[in-house]
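Notes follow once the structure below has been shown.
The values are calculated or read from the model by the stated rules, or taken from the named source; none is laboratory data. Worth saying up front: this structure is predicted, and the values here are computed from it rather than measured. Neighbour counts run over all protein chains shown; Cβ positions are idealised from the backbone, glycine included. Each accessible area value is taken on the protein alone, full model and side chains, heavy atoms only, with ligands, DNA and RNA left out. Shrake-Rupley method; radii C 1.70, N 1.55, O 1.52, S 1.80 Å.
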Amino acid sequence: EPEVTQTPSHQVTQMGQEVILRCVPISNHLYFYWYRQILGQKVEFLVSFYNNEISEKSEIFDDQFSVERPDGSNFTLKIRSTKLEDSAMYFCASTKDRFNTEAFFGQGTRLTVV
Amino acid sequence: QKEVEQDPGPLSVPEGAIVSLNCTYSNSAFQYFMWYRQYSRKGPELLMYTYSSGNKEDGRFTAQVDKSSKYISLFIRDSQPSDSATYLCAMTYSGGGADGLTFGKGAHVIIPP
């Protein structure tokens with residue numbers, strides 16, 4: 001069964017450092033998403049991406065975040081200068097269409113900022 | 001204002017009983033409703049989605065939507081210990097962009113063997 005894969009599974013970084021989280025969406029999907037889940041809290045939408053540009057973003061997705069599809073398979077989330085409060089699980093998801101009714105999620109990257 | 005409310009539990013149910021979960025929402029613009037299952041430190045896994053008021057059944061799972069009350073439910077029949085997980089409701093708009101999902105906090109369900 002096709003799946004969304006994310007690397008690394010766990011990343012520890014020092015405050016102020018840049019991190020790049022990587023995702024390989026399902027190959028025939030066209031829409032890509034990043035979500036985060038702070039421990040004990042809701043899964044929160046960060047950004048959606050379609051046709052090589054941001055489609056929607058939440059208020060959480062500020063200037064320290066950026067997304068990119070550098071090639072035909074990878075989808076990345078960059079956090080420029082990490083803060084302690086960026087510690088969370090980050091999930092990538094993909095869908096065939098914009099209605100987002102059948103989103104497939106990756107297993108997540110646990111980001112720990114120290 | 002996007003807001004989805006879900007009682008986080010934990011909810012302990014004897015094996016074989018029916019698990020009943022629900023969420024309420026405040027924004028009538030939500031049109032699509034999903035239920036996800038999430039095991040500890042794993043990604044959400046889609047169980048079902050629906051977009052109309054009424055019931056939708058898939059095996060042991062039944063999703064129910066009442067748009068007039070802004071209330072959705074998930075029922076799990078013949079519950080098994082393997083159903084122990086966190087269940088997340090999620091919903092989204094039918095807008096022109098790729099709107100993200102708005103999730104409830106998740107309900108932790110325990111089914112002891």
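How about A:K83: which lysines have a C-alpha closer than 30 Å to its C-alpha, ignoring those fewer than 8 places off in the same chain?
Excluding near neighbours in sequence, the set is A:K42, A:K57, B:K2, B:K42, B:K105.
Quick check: at a probe of 1.4 Å, how many percent of the accessible area of chain B sits on carbon and sulfur atoms?
Here it works out to 48 percent.
For the stretch B:76-109, state which residues have at least 50 Å² less accessible area in the presence of all protein chains than in their chain by itself, taking the probe as 1.4 Å and leaving out ligands, DNA and RNA.
B:A98, B:L101, B:F103, B:K105
Compare each residue of the stretch A:65-105 in its chain alone against the assembly with all protein chains, and report those whose accessible area goes down by 20 Å² or more; 1.4 Å probe, heavy atoms.
Checking the loss per residue gives A:M89, A:F91, A:R98, A:F99, A:N100, A:T101, A:E102, A:A103, A:F105.
At a Förster radius of 30 Å, what calculated FRET efficiency corresponds to the Cβ-Cβ distance of A:I54 and A:Q17, to the nearest 0.05?
The computed FRET efficiency comes out at 0.80.
Of all accessible surface on the stretch A:5-108 at a 1.4 Å probe, what whole percent is carbon and sulfur?
46 percent
Ignoring ligands, DNA and RNA, how much accessible area is buried between chains A and B, both sides summed, with a 1.4 Å probe, to the nearest 100 Å²?
In total, chains A and B hide about 2100 Å² from solvent.
Which aspartates and glutamates, on any chain, are close to A:K78 with Cα under 14 Å apart, when same-chain ones fewer than 8 places away are left out?
Counting by Cα, and skipping residues close in sequence, A:K78 has these aspartates and glutamates nearby: A:E18, A:D62, A:D63, A:E68, A:D86.
Counting heavy atoms of the protein chains only and a 1.4 Å probe, report the per residue accessible area for chain B as a whole number of Å².
With all protein chains present, chain B gives 46 Å² per residue.
Considering chain B, what Rg and Dmax in Å follow from its alpha-carbon atoms?
13.7, 46
Using only the alpha-carbon atoms of the protein assembly as shown, report the extent along each of the three principal axes, biggest first, to the nearest angstrom.
For the protein assembly as shown, the Cα spread along each principal axis is 49, 39, 35 Å.
One-quarter of the Cα convex hull surface for the stretch A:5-108, in nm²?
Across all orientations, the stretch A:5-108 yields a mean hull projection of 6.3 nm².
Can you give the accessible area of B:K67 in Å² (nearest 10), computed on protein heavy atoms with a 1.4 Å probe?
Rounded to the nearest 10, the figure is 60 Å².
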